[in-house]
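The values are calculated or read from the model by the stated rules, or taken from the named source; none is laboratory data. As the structure is a computational prediction, the values presented were derived from the model and not from experiment. Glycine gets a Cβ as well: all are built from the backbone with ideal geometry, and neighbour counts include every protein chain shown. These area figures cover heavy atoms from the full protein model, side chains too; ligands, DNA and RNA do not enter into them. Shrake-Rupley method; radii C 1.70, N 1.55, O 1.52, S 1.80 Å.
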Amino acid sequence: MADDRWGALTLSLLAAPPELRPLTLRTGQDARSGELAAQANAVRHGLTDSLQALPRTCGVTEELVAGARTVLMPLPRALETLQDWTWLVAEHAADDVVLLAGGRDKHMTRSMNEVLAACFTDVVPGRGRGKARVLTARGPRRGRTAPFPRRQDHSGVSDLGLPPPLTLHAQGAVYGGTSLDPGTRLMLSTLADGSAEALPSADGTLLDLGCGNGTIAVWAALRDPDLQVTAVDQSASAVASTRLSAEAAGVANRVRTVRDDGLSRWPDGSVSTILLNPPFHRGNAVDPTVAHRLIAEAGRVLAPGGHLVCVWNSHLRHRPVLERRVGPTRQLARNPTFTVTESTRRR
């Protein structure tokens, strides 16, 4: 079971009559929030013990699909994610594996068929039902070069206060891939020119919330050789990508990666400096609620007088939320697309 986001497929199989259940069932999800949702749904339906007994992996990995004869997978939003995970199935599952990838018609494209066809000899689109359908793939093509993780060297980063190149890595499920996100670039160039009070960090530590491909964490560690950085993301792919980016930059010994849903592992008032470039969408829809939740988490975890530097799409107007959930907020930079702010936790 690959990336069963809220456990619907997994729990349905666990609740099925014994004769319809698979002999062996494994599950792995990229997002930590998906794991927590599956656990909550298991409690609701009285399947907690069955879910806890399943072999699980952190993310969609070779370990998850190794030797599998049937793989169920909701179609991911990004073709890069589908390409990454489809290759894993084709390369490491059983020779007679059947991959069943389902999704809503309105979110499916012919390009998804092409991605599957690159890894399987036989791809058949199913008949639609309830505005959804399943793509069935058989006949794995072995021996193809792994498409991920990818790496990209970025030159022209003098505005970030770094000598080129800045090398970024990304697995398929990382939003933005190996690119240098323009919002992140505006925030880091603003910090590099000394506009914020947040850096240098008051206690020599910094938290990168929503680390993605590791740009912020690596930048901070390269800028200050005495800084200890913690990079947090709910995505297993993002955490792995940040680790690779830190290794490429030679700062892996000062960048600790943590997979967490928000900042659930951190007590109130325990961090002095947080940098955040929050997501602005959920799935295919623009949705500020994820950003609002991360801002609230940052406000909870920041120590009195601590700083949150945040970059956000200007049209989303996060400033009232920052003022309410963190504290006094000032604008550091703004361009036609993004706004950079610094919020100070109320004492």
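What to note about this one:
Table: residues versus (1) touching a residue at least 12 places away in the same chain (Cβ under 8 Å); (2) aromatic (F, W, Y).
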residue: A231; (1), (2): yes, no
residue: A236; (1), (2): yes, no
residue: T242; (1), (2): yes, no
residue: E247; (1), (2): no, no
residue: N253; (1), (2): no, no
residue: R256; (1), (2): yes, no
residue: R259; (1), (2): yes, no
residue: W266; (1), (2): yes, yes
residue: S272; (1), (2): yes, no
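- Of all residues in segment 18-26, none satisfies being under 21 Å from H107 (Cβ atoms) and either open to solvent by less than 40 Å² (accessible area, probe 1.4 Å) or not in a loop (DSSP other than H, G, I, E, B) (or both).
- Leading residue by the ranking (most open to solvent (accessible area, probe 1.4 Å)) among those in segment 123-158 that are in a strand (DSSP E or B) and under 24 Å from A238 (Cα atoms): R151
- Considering L51, L116, L99, the condition of being part of a strand (DSSP E or B), open to solvent by less than 30 Å² (accessible area, probe 1.4 Å) and not hydroxyl-bearing (S, T, Y) is satisfied by L99 alone.
- Pair list, Cβ under 9 Å, 6 or more apart: segment 184-198 residue closer than 19 Å to G210 by Cα and part of a loop (DSSP other than H, G, I, E, B), other residue open to solvent by 10 Å² or more (accessible area, probe 1.4 Å) and of a type in the set (G, A, S): A198/S272
- Note on segment 191-221: residues that are out of contact with any Asp or Glu (no Cβ under 9 Å at 6 or more places or on another chain) and surrounded by fewer than 21 Cβ atoms within 10 Å (Cβ to Cβ) amount to 4.
- Every condition in (1) assigned to a helix (DSSP H, G or I); (2) of a type in the set (A, V, I, L, M, F, W, C); (3) crowded, with 22+ Cβ neighbours inside 10 Å; (4) touching a residue at least 60 places away in the same chain (Cβ under 8 Å) is met by A90 except one, and the failing one is (4).
- Cβ-Cβ contacts under 9 Å between residues 6 or more apart (or on different chains), taken from a first residue in segment 319-338 that is touching a residue at least 24 places away in the same chain (Cβ under 8 Å) and surrounded by 11 or more Cβ atoms within 10 Å (Cβ to Cβ) to a second residue that is among the hydroxyl-bearing types (S, T, Y) and outside any strand (DSSP E or B), are listed as L332/T190; L332/S195; A333/S189; A333/T190; A333/S195; N335/S314; T337/S314; F338/S314.
- Top-ranked residue in segment 239-271 [being surrounded by fewer than 19 Cβ atoms within 10 Å (Cβ to Cβ) and hydrophobic (A, V, I, L, M, F, W, C); ranked as farthest from P149 (Cα to Cα)]: V258
- Tally, over segment 215-244, of residues that are of a type in the set (D, E) and over 21 Å from V157 (Cα atoms): 2
- Total residues in segment 159-176 satisfying the condition of being within 16 Å of the chain's Cα centre (by Cα) and either farther than 30 Å from V98 by Cβ or crowded, with 21+ Cβ neighbours inside 10 Å (or both): the figure is 8.
- All of (1) in a strand (DSSP E or B); (2) open to solvent by less than 20 Å² (accessible area, probe 1.4 Å); (3) farther than 23 Å from V232 by Cβ hold for L72 with one exception: (2).
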